[in-house]
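Every number here is computed from the coordinates shown, using simple stated rules; none is lab data. The shown structure was predicted, so the numbers you read here are calculated from the model rather than taken from an experiment. Cβ placement follows ideal geometry from the backbone for every residue including glycine, while neighbour counts extend to all protein chains displayed.
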Amino acid sequence: QVQLVESGGGLVQPGGSLRLSCAASGSIFSIYVMGWYRQAPGKQRELVAHIIRGGSTNYAHSVKGRFTISRDNAKNTVYLQMNSLKPEDTAVYFCNADDGSSWWWGQGTQVTVSS
């Protein structure tokens, strides 16, 4: 079992920044990919970014160059730094962990980009 707790969402103006955090606990030794997904109203959940155990990262085209995923192994925490936010980034952001046999999800954190 893996537990994920997200934090850091909120309301921000276009062009602003936010940093999301995802703290993992439980059977974290088995995790080899952690990522962030988002789901806007009426849309399917989509991958935003993920980071593999070895450190490789991957980003959705829509966020490349604006968002950065990183991790602190000592704190078992993954971060998503979001810069130059746009109204279309508005969504519930979910942390995800993949241990090779199961996917684990956090409860989600709302990000709203609006003036």
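Things to note:
- Under 17 Å from the Cα of residue 86 - aspartates and glutamates, other chains or at least 8 residues apart: 46
- Once backbone amide H atoms are built at 1.01 Å from N, residue 108 has 6, 95 as its partners under 5 Å, excluding neighbours fewer than 5 places away on the same chain.
- Calculated FRET efficiency for the pair residue 72/residue 44, C-beta based, R₀ 41 Å, to 0.05: 0.85
- Cut-off 19 Å (backbone N to label point 7 Å along Cα→Cβ of residue 62), residues of region 1-39: 9-20, 35-39
- Of the trypsin sites (Lys or Arg not before Pro) in region 25-106, the ones in a loop by DSSP (not H, G, I, E or B) with at most 11 other beta carbons within 10 Å are 43, 53, 64.
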